[in-house]
Amino acid sequence: MAETLFLSDAAQAEVFFLPEEASRLADPAPSDATRLRITGAYSSGDRFAPEGMVIRHGRPTHPWPQGWDGLFIVERSGRASIHDMARVALGGGVFNLRERASRESFLARAAIDRISVIQSHLLIRNGLLDLRRIEGARTFRRRILFQTDDGGIGVYDTSPRALTLYDAALELQRQVGPVMALNLDMGAYDFCELSTAGETRSCGLLSRDGLGKLTNIVQLTARSGD
């Protein structure tokens, strides 16, 4: 049965870039919070880095976007948001990252604000599906990062069912109704740990021993009472 693994309108987000920041995964789970750690953007085997646009704490290690339309931004404060690549709001400005001049202005702003950025397929844009049904599309277990209209950040998982990307996005739209959503890496890169009240359980295929193939992990934390 599908599950909303995490949802909070006061989530504190981080992106850990591996292997450089692997030691941060040793941090114990807080006893007064729910914490989710999941694989984020797709990993590139040849460069050993996340695919697509990557900004690490203000440093653009790969400033050129892929064709995918989704962008996940984590601000220094821990606030997270999902954007359309052609209309990214940051620091009071709106940037079209498909245009060189606008992208360069965005990178300058990102360096000042020390944000982190990863890119993926946008599935829901402004509450509407941003993909179409494809006959014969392959089915997999899906995990989707989404944002609600009140700024909440959540993660939806179709486990144990395997769905097409379209059907997973449609199900999320009908059940939760987020304003924005993007796809997360799965398959052989499926890492997921959920901690509640200090107790941690695995919700993915990879164990800690398999993290050597990953390049990034998204961490979401919601304190009790937030």
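The values are calculated or read from the model by the stated rules, or taken from the named source; none is laboratory data. What you see is a predicted model, and the numbers here were worked out from it, not measured in a lab. All Cβ positions, glycine included, derive from the backbone under ideal geometry; neighbour counts span all protein chains shown. Surface accessibility is based on the protein's heavy atoms, side chains included, excluding ligands, DNA and RNA. Shrake-Rupley method; radii C 1.70, N 1.55, O 1.52, S 1.80 Å.
Cα-based Rg (one decimal) and Dmax (whole number) for segment 16-114, in Å?
14.6, 46
How much FRET efficiency would the formula 1/(1 + (r/R0)^6) give for Glu3 and Ala108, where r is the Cβ-Cβ distance and R0 is 35 Å, rounded to 0.05?
Using R0 = 35 Å, I get an efficiency of 0.30.
Once the other residues with Cβ under 15 Å from the Cβ of Ile144 are scored (Lys, Arg +1; Asp, Glu -1), what is the net sum? Intermediate results must be reported in sequence, preceding the final value.
Working: positive: Arg125, Arg141, Arg142, Arg143, Arg161, Arg174; negative: Glu3, Asp69, Asp130, Asp157, Asp167, Glu171, Asp185, Asp190.
With Lys, Arg at +1 and Asp, Glu at -1, the net is -2.
Amide H of His62 versus every other amide H placed in the peptide plane: which residues, excluding those fewer than 5 positions away on the same chain, fall under 5 Å?
Val54
From largest accessible area down, sort Glu14, Glu104, Glu21; use a 1.4 Å probe on the protein chains.
Glu104, Glu14, Glu21
I'm spelling it out carefully: the read-out is percent of Cα pairs over 32 Å apart, the candidates are (1) 23; (2) 12; (3) 18, and one was derived from this structure. Which label?
Matching entry in (1) 23; (2) 12; (3) 18: (2).
If I ignore ligands, DNA and RNA and count only protein heavy atoms, how much of Arg76 is accessible to a 1.4 Å probe, in Å² to the nearest 10?
Rounded to the nearest 10, the figure is 150 Å².
Give the ranking of Tyr42, Tyr156, Tyr189 by solvent-accessible surface, highest area first, calculated with a 1.4 Å probe.
Tyr189, Tyr42, Tyr156
Within segment 14-33, list the residues whose amide N lies under 14 Å from a label point set 7 Å along Cα→Cβ of Thr61.
Flagged as within label range: 15-24.
Would you grab the residues whose amide H sits under 5 Å from the one on Ser120? Only those 5+ places off in sequence or on another chain, please, with H modelled 1.01 Å from N.
Gly70, Leu71, Phe72
Evaluate E = 1/(1 + (r/R0)^6) for Gln175 and Arg79, where r is the Cβ-Cβ distance and R0 equals 25 Å; express this FRET efficiency to the nearest 0.05.
0.50
What are the ³J(HN,Hα) values, in whole Hz, obtained from phi via the Karplus relation 6.51 cos²θ - 1.76 cosθ + 1.60 with θ = phi - 60°, for each residue of segment 200-217 in sequence order, with x given for Gly and Pro?
In residue order, the calculated couplings are 10, 10, 7, 10, x, 8, 7, 8, 4, 5, x, 6, x, 8, 8, 10, 7, 9 Hz.
So how strong a dipole does segment 21-127 carry about its Cα centre when Lys and Arg Cβ are +1 and Asp and Glu Cβ are -1, to the nearest 20 debye?
160 debye
With a sphere of radius 14 Å drawn around the Cβ of Ala162, what net charge do the other residues whose Cβ falls strictly inside it have (Lys, Arg +1; Asp, Glu -1)?
+1
Using θ = phi - 60° and the Karplus form 6.51 cos²θ - 1.76 cosθ + 1.60, what ³J(HN,Hα) does each residue of segment 126-133 get, whole Hz, x for Gly and Pro?
With the stated coefficients, segment 126-133 comes to 6, x, 10, 4, 10, 8, 10, 5 Hz.
For the chain, what is the calculated [θ] at 222 nm in deg cm²/dmol (nearest 500), taking -39500 (n - 2.57) for each run of four or more DSSP H residues and dividing by its residue count?
After summing the helix terms and dividing by the residues of the chain, the value is -3500 deg cm²/dmol.
Please work out the FRET efficiency for the pair Leu128 and Ala162, using the Cβ-Cβ distance as r and a Förster radius of 30 Å; give the result to the nearest 0.05.
Numbers: r = 25 Å, r/R0 = 0.82.
Efficiency at R0 = 30 Å is approximately 0.75.
Please work out how much length the chain gains when fully extended from Ser224 to Ala137, using 0.36 nm per residue of separation minus the C-alpha to C-alpha distance, in nm with one decimal.
Here the segment from Ser224 to Ala137 would lengthen by 27.3 nm.
Take the Cα radius of gyration of segment 99-222 and divide it by 2.2 N^0.38 Å, with N its residue count; two decimals is plenty.
On the way: Rg = 16.3 Å, N = 124, 2.2 N^0.38 = 13.7 Å.
Working it through for segment 99-222, the quotient is 1.19.
Could you work out the relative contact order of segment 102-158, using alpha carbon pairs under 8 angstrom and six or more residues apart, expressed as a whole percent?
18 percent
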